[in-house]
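Read-outs: derived from the displayed coordinates by stated rules, not from any lab. Here the structure is a predicted model, which is why all the values come from computation and not from measurement. Virtual Cβ from ideal backbone geometry, glycine too; neighbours counted across all protein chains shown.
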Ligand SMILES: Nc1ncnc2c1ncn2[C@@H]1O[C@H](COP(=O)(O)OP(=O)(O)OP(=O)(O)O)[C@@H](O)[C@H]1O
Ligand SMILES: [Mg+2]
């Protein structure tokens, strides 16, 4: 089902600089996502990946740069207004309400009531086990199931773009595969995805384009077919070309 035309400009982040106190966590970072596209951000621990997604979601204020969404400058929008516009973060570590049921967690995604094709029935089509476990506390789910609930909660807002922060964190290979297997349906409906991952090989399989951050700066960008894994890993760990060739 195509809900949004493919390949249109959706998210445009320009020259973002973000400080956490004295620390410059991001330095002039730019990234764009079109409808139906998966753009990945890779980088080591502390590279600034979550800071980038959280700033795009409105949770950190940049000291420089801009965020446009659907050609509207949203740099000064509060987080809820960004969700209302269709820009939604699935945070690192899921952040479910542990004592609430699966269904109650899902329904927190519905309160903004953006119109669209996503409702509980469609989520249960995507993850059939969820319907059977809807009354259980979220804390009783496995990590993979919790990630599926966090993703579903975001889908229930009827997003135009999803910001996915390390969805594979702590998941078994099977659970990880299940989460990633829903991506084609989402991008096929025109959702744009900005995906943060540490697993470069996984990213190379799913991303249309990727960018590597090193200590808050852009270290490399390209398309998966045009980059060697060694080149990405060198940018990821900050190893210079010379060090790689002489190693
Ligand atoms: N709220 C905050 N206050 C102060 N410093 C912060 C805050 N959030 C992040 N940092 C620091 O900013 C830098 C970037 O952190 P960030 O969480 O964006 O990295 P990351 O790439 O997501 O790392 P990870 O892979 O571990 O999730 C790190 O040095 C981190 O310690
Ligand atoms: Mg992070």
Assertion target for 206, 39, ordered by fewest C-beta neighbours within 10 angstrom first, is 206, 39
All alpha-carbon distances of the range 54-142, grouped into 5 Å bins from 0, give the whole-percent distribution 3, 12, 19, 19, 17, 13, 9, 6, 2, 0
Compactness summary of the range 122-187: radius of gyration and Dmax from Cα atoms, Å, are 11.5, 30
Tilt, helix 143-155 to longest principal axis of the chain (alpha-carbon atoms), in degrees rounded to tens, equals 80
Comparing 59, 87, 156 in a Gaussian network model of the chain (Cα, 10 Å), the one with the largest mean-square fluctuation is 59
Restricted to the chain, the DSSP antiparallel beta bridge percent, nearest 5, is 55
Most fluctuating of 182, 83, 193 in the GNM of the chain (C-alpha, under 10 Å) is 182
For the range 53-128, averaging the sequence separation of alpha carbon pairs under 8 Å that lie six or more residues apart and dividing by its residue count, the contact order in percent is 23
Under Stokes-Einstein, the chain at 25 °C and 0.890 mPa s, with its Kirkwood radius over C-alpha pairs, diffuses with a coefficient in µm²/s of 133
Percent antiparallel among DSSP beta bridges confined to the range 1-133, nearest 5, equals 100
Relative contact order of the range 179-245 (C-alpha contacts under 8 Å, at least 6 apart) in percent is 22
If 211, 61, 49 are placed from fewest to most neighbouring beta carbons inside 10 Å, the sequence is 61, 211, 49
GNM on the chain, Cα springs under 10 Å; top mean-square fluctuation among 164, 183, 155 goes to 183
Percent relative contact order for the chain, counting Cα pairs under 8 Å at least six residues apart, stands at 28
Debye calc, one equal point scatterer per Cα of the range 57-100, no solvent, log10 I(q)/I(0) at q = 0.28, 0.34 1/Å comes to -1.06, -1.27
Expressed in angstrom and ordered largest first, the alpha-carbon extents of the range 112-247 along the principal axes are 58, 31, 24
Scaled by the rule-of-thumb 2.2 N^0.38 Å, the alpha carbon Rg for the range 1-47 gives a ratio of 1.52
Compactness summary of the range 1-105: radius of gyration and Dmax from Cα atoms, Å, are 15.0, 47
